[in-house]
Structure formats: structure tokens, C-alpha cells
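First comes the structure, then the notes that go with it.
The values are calculated or read from the model by the stated rules, or taken from the named source; none is laboratory data. Here the structure is a predicted model, which means the values were calculated and not measured. Here the Cβ positions follow ideal geometry from the backbone for every residue, glycine too, while neighbour counts run over all protein chains shown. We work out accessible area using only protein heavy atoms, side chains counted, and drop any ligands, DNA or RNA first. Shrake-Rupley method; radii C 1.70, N 1.55, O 1.52, S 1.80 Å.
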Amino acid sequence: MPEILESSPPIIRVGDVKKAFKKDRQDMLVLSNVNLELHEGEIVALLGKSGSGKSTLLRIIAGLIPPTSGEVSYHGKAVLGPMRGLAMVFQNFALLPWLTVLQNVELGLEALGVKKDERRSRAIQAIDIVGLDGFESAYPKELSGGMSQRVGLARALVVDPEVLLMDEPFSALDVLTAENLRGDLLDLWQAKKAKIKNILLVTHNIEEAVFLADRILVFGNNPGNVRAELRVDIPHPRHSQDQRFIRIVDSVYDYITMPATMTPGAEYRYKNITMGYRLPNVQASEIIGVLDMMNEPQYRGHKIDLPEFSDELHLDIDDLFPLTEALEVLRFAQVSTGDIELNEAGKIFATVDILERKKIFAQHLLKYIPLASYIRRVLDERPEHHASQERFLGELEDYLSEDVASEVLRVVIDWGRYAEIFAYDYNTGQLSLENPN
């Protein structure tokens with residue numbers, strides 16, 4: 001493993017970075033007061049929930065988008081755009097389908113003005129490093145997902161980067177392929193087959209972060225910020241059954257689930273959300289399924305360890321945390337320091353019949369989810385008791401991006417239809433009080 005040189009000046013320094021996107025009513029704050037340093041000889045994992053701004057931060061570091069305030073510096077020089085020495089591997093492969101593997105890898109060198117012969121030689125060498133020799137003339141349609149991501153990695157390596165930025169590079173792959181590629185990346189790093197001195201990896205996979213990284217930066221959200229830093233002092237190869245590995249995984253769960261305003265041992269407080277809050281993308285049926293499972297005899301009446309619960313449900317962080325967040329914002333459970341526990345309302349919900357469940361769900365939806373109560377109020381006040389979904393979508397877009405606003409509205413429509421606080425016609429896009437009580 002390369003030696004971590006923390007005593008030397010950092011390669012990358014992020015200082016008080018803030019990022020906000022302009023909206024009609026108010027700025028949408030994505031990142032706030034982000035500070036971190038990257039040193040030579042280390043792999044750093046940036047770990048957090050979806051929508052926390054991890055990828056946005058990575059693009060700011062890469063010089064692809066500017067921060068609203070604050071500064072990113074590379075060897076003391078401000079990053080104001082793409083810079084030599086920094087290369088990025090994206091989540092989606094982004095290969096040009098009309099170019100061969102070799103031509104796709106050459107693209108970055110061509111943009112730098114590298115002559116054809118040198119370009120070809122360096123591209124072939126990068127393809128060999130990632131294990132794709134023999135496929136130089138293949139087109140993207142001939143490649144598997146894992147092979148396509150190897151091309152993406154070769155395209156980054158061919159420009160001889162000092163810092164490799166990776167945006168969830170394995171998330172679109174199946175489990176076995178992702179595991180294989182993680183191992184290959186580690187082999188490449190340890191064997192020093194490339195000139196890379198630091199890797200910054202954005203991930204939502206806790207085990208992946210513990211498997212690869214020397215340091216894990218736990219990212220909070222709303223807005224995104226570094227909440228905690230954990231050092232992984234476990235020699236490679238690392239194994240998920242190692243007690244040291246398990247302890248670090250548990251610590252990550254603790255930090256991710258701890259409310260931002262809460263310290264260990266403090267009294268539990270539910271978060272109060274606004275109409276523009278990004279509701280977790282979870283269906284009512286999934287919420288009910290988890291509540292039922294939490295009421296099973298083996299879980300009933302005590303706190304449930306989230307890492308164990310995740311294994312039981314076969315869910316990763318991006319599937320598990322939206323469910324736990326939904327239970328929390330609806331006030332059916334308490335989630336903190338790596339555990340989840342049904343509150344009294346959740347326990348009652350899990351034991352009553354379907355009709356009573358709908359009543360309880362409706363009460364909580366109207367009381368704790370401002371968007372749901374706002375939609376119901378508008379429908380109550382209108383003489384015809386109906387309104388277009390576009391009306392509410394337009395208001396949500398004052399707070400959220402177009403895609404996220406559409407997702408949030410779909411979520412609240414699903415919850416509202418289950419609770420029967422309003423009806424929805426898919427064909428016309430109309431919300432109404434035709435069916436609800």
C-alpha cells in the first residue's frame with residue numbers, strides 16, 4: 001500500500017465550499033461549509049445518502065462546475081476549470097457508441113493535442129492496465145457493463161492523473177462484477193501501475209467504502225457537509241467478517257443516522273420538514289411492509305440494529321435509508337445512532353386492521369407532511385375540489401430541481417391515495433376529492 005503522506009501539503013484542499021442553485025423563490029442550497037484535504041498515498045471515500053450533494057462536490061473538485069463560494073485548490077492553485085492532473089470516472093459509462101474502445105480511450109489525449117502516435121501508444125497501455133487488451137477494436141455495444149466501466153477507467157488513466165475522482169463507479173454493475181472491479185482497482189493502486197497519488201471515491205455502499213478506503217468522510221445532507229471522518233486502519237486484504245471491519249461499518253451507520261442537531265445520549269427529536277423537503281422515494285406499500293416486519297416477534301419491542309436489518313432485507317444504503325427516513329418523517333419510528341425503533345404510533349399501526357391503518361396514515365400524513373396537507377387544503381377550498389398536478393409541480397420547482405420535484409410529487413400522491421385524503425387520475429393528471437372520505 002502506498003505510504004500516506006499527511007505531513008506534506010495536501011494535493012487537494014477544499015475550503016468552505018458552498019453550492020446553491022438559483023430557484024424562483026429561494027436558492028436551493030446543496031452544499032454548505034465543506035472542508036476537506038486529500039493527501040498523497042491515500043484512498044478517500046465520500047459516503048452518504050443519495051441527494052446529499054456528493055457528486056456535486058466531486059464535480060466542483062474536478063473543475064466541471066464552480067462553487068457558489070469557497071475555493072478548491074490543487075497544489076495551492078485555485079481550480080477554476082478542468083486541470084491536468086485531475087481525472088474523473090463517471091457512474092454512467094458515457095462511451096461514444098460510434099467509436100471503438102481504443103478511440104474512446106484516446107479522446108482525452110486528442111483534446112489535449114497529443115500527437116497520433118503517442119496517443120495510440122498511451123491508449124493501448126491504459127487498455128492493457130485495466131485488463132481489456134484484445135478488445136481495442138470492439139464497440140461499446142459489444143461490451144458488458146463491467147467492461148464498459150473498465151474503458152471509462154482507462155480513459156481516465158490515459159491522461160496520467162495524479163488524482164483520480166470516481167463518482168459511484170460500481171453502482172450500475174451487478175454484485176459480482178462490482179466486487180471484481182473493486183479488487184482490480186485496489187491491485188492497480190497497490191502495484192503502482194499508474195501515476196495516481198490519490199483516489200477520491202464517491203459511494204453509497206458502506207462495505208465498499210470500508211473495503212477500499214484509508215479514510216471515510218461521512219457526508220450529511222440538507223445541505224451536504226462533512227459530518228465525520230473515520231480512519232480505516234485495517235491492512236489489505238480486508239474481510240467483511242473481520243470484527244474491525246464490522247465495527248467501522250457500525251460506526252458509519254451511527255453517524256449517517258444521527259440527526260444533525262443531535263449528539264449521542266441527547267433526547268430524541270423528530271425533524272420538522274417544509275413543503276420543499278425532498279421526501280424519500282418510497283411507496284406506501286414498502287412503508288407498510290417494513291412496519292409489519294419490525295413488528296415480527298424477533299424485532300418487536302426493542303431497537304433494531306440497522307446493519308443487521310439491512311442484511312436481513314438484502315438492502316444497501318440507497319434502499320434502506322429512504323425507508324427508514326420515510327418512517328421517521330411520518331413519525332412511526334425513531335432512527336438514530338445505527339438503530340431503528342417503532343414508536344407508539346408505529347406499534348399501533350402494525351397491529352390494527354387495514355381501515356384503521358389508513359386512518360392513522362392519513363392523520364400522520366396531514367399533520368407531518370406539509371405538501372400533503374397543502375394539496376388537501378387547496379382541494380378543500382376549490383369549488384370543484386380538483387386541481388392539476390402541474391399546479392403543485394410548479395410550486396415544488398421553486399424549491400427543488402425539475403426531476404426531484406416530479407419525484408416528490410409522485411411520492412406524496414402515492415401516500416395520499418393510500419391514505420384516501422385525495423384521489424388522482426393518471427390519464428388527466430388531476431387530483432380531486434371525488435373518492436376520499
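Any idea what angle helix 370-381 forms with the longest principal axis of the chain, computed on alpha-carbon atoms, 0 to 90 degrees, nearest 10?
40
Compute the acute angle (0 to 90°) between the alpha-carbon long axis of helix 402-419 and the principal axis of greatest extent of the alpha-carbon atoms of the chain; round to the nearest 10°.
For helix 402-419, the angle is close to 30 degrees.
Could you rank the peptides 247-255, 110-118 by their average count of other C-beta atoms within 10 Å per residue, with the highest value first?
Working: 247-255: 19.0, 110-118: 10.8.
Going by the mean number of other Cβ atoms within 10 Å, highest first, we get 247-255, 110-118.
Summing -39500 (n - 2.57) over the DSSP H runs of n ≥ 4 in the chain and dividing by its residue number, what mean residue ellipticity at 222 nm do you reach, to the nearest 500 deg cm²/dmol?
On the way: 15 runs with 176 residues, N = 437.
Calculated mean residue ellipticity at 222 nm is -12500 deg cm²/dmol.
How big is the antiparallel share of DSSP beta bridges in the chain, given as a percent to the nearest 5?
Working: 33 of 54 bridges.
Percent antiparallel among DSSP bridges in the chain is about 60.
Which percent of the accessible heavy-atom area of the chain goes to carbon and sulfur, probe 1.4 angstrom?
Values: 9880 of 20850 Å².
That fraction is 47 percent.
With a 1.4 Å probe and all protein chains kept in place, how much accessible area does T177 have, in Å² rounded to the nearest 10?
Taking all protein chains as shown, T177 has close to 40 Å².
Express the accessible area of the stretch 314-428 per residue in Å², computed with a 1.4 Å probe while the remaining protein chains stay in the model.
On the way: 5200 Å² over 115 residues.
Roughly 45 Å² per residue, with all protein chains present.
Arrange the residues F93, F309 by how much accessible surface each exposes, largest first, with a 1.4 angstrom probe. Don't jump to the answer; show the numbers that get you there.
Values: F93 55, F309 5 Å².
The ranking, largest first, comes out as F93, F309.
Between A172 and I234, what is 0.36 nm times their sequence separation minus the Cα-Cα distance? Round to one decimal in nm.
Numbers: separation 62, 0.36 × 62 = 22.32 nm, distance 2.72 nm.
Stretched out fully, the A172 to I234 stretch lengthens by 19.6 nm.
Residues of the stretch 186-283: accessible area per residue at 1.4 Å, in Å²? Intermediate values should be presented prior to the final figure.
Values: 4810 Å² over 98 residues.
Accessible surface, normalised per residue, equals 49 Å².
Go through K195, K347 and list them by solvent-accessible area, largest first, probe radius 1.4 Å.
Numbers: K195 135, K347 75 Å².
Putting K195, K347 in descending order of accessible area: K195, K347.
Using per-residue counts of other Cβ atoms within 10 Å, averaged over each peptide, order 272-283, 382-393 from highest down. Present the calculation step by step, with values, prior to reporting the outcome.
On the way: 272-283: 17.3, 382-393: 14.2.
Result, highest mean Cβ count within 10 Å first: 272-283, 382-393.
Enter the angle in degrees (range 0 to 90, nearest 10) between the Cα long axis of helix 317-329 and the first principal axis of the Cα atoms of the chain, meaning the one along which they spread out most.
30
Mind grabbing the accessible area of M147 for me, 1.4 Å probe, Å², rounded to tens?
For M147, the solvent-accessible surface is approximately 40 Å².
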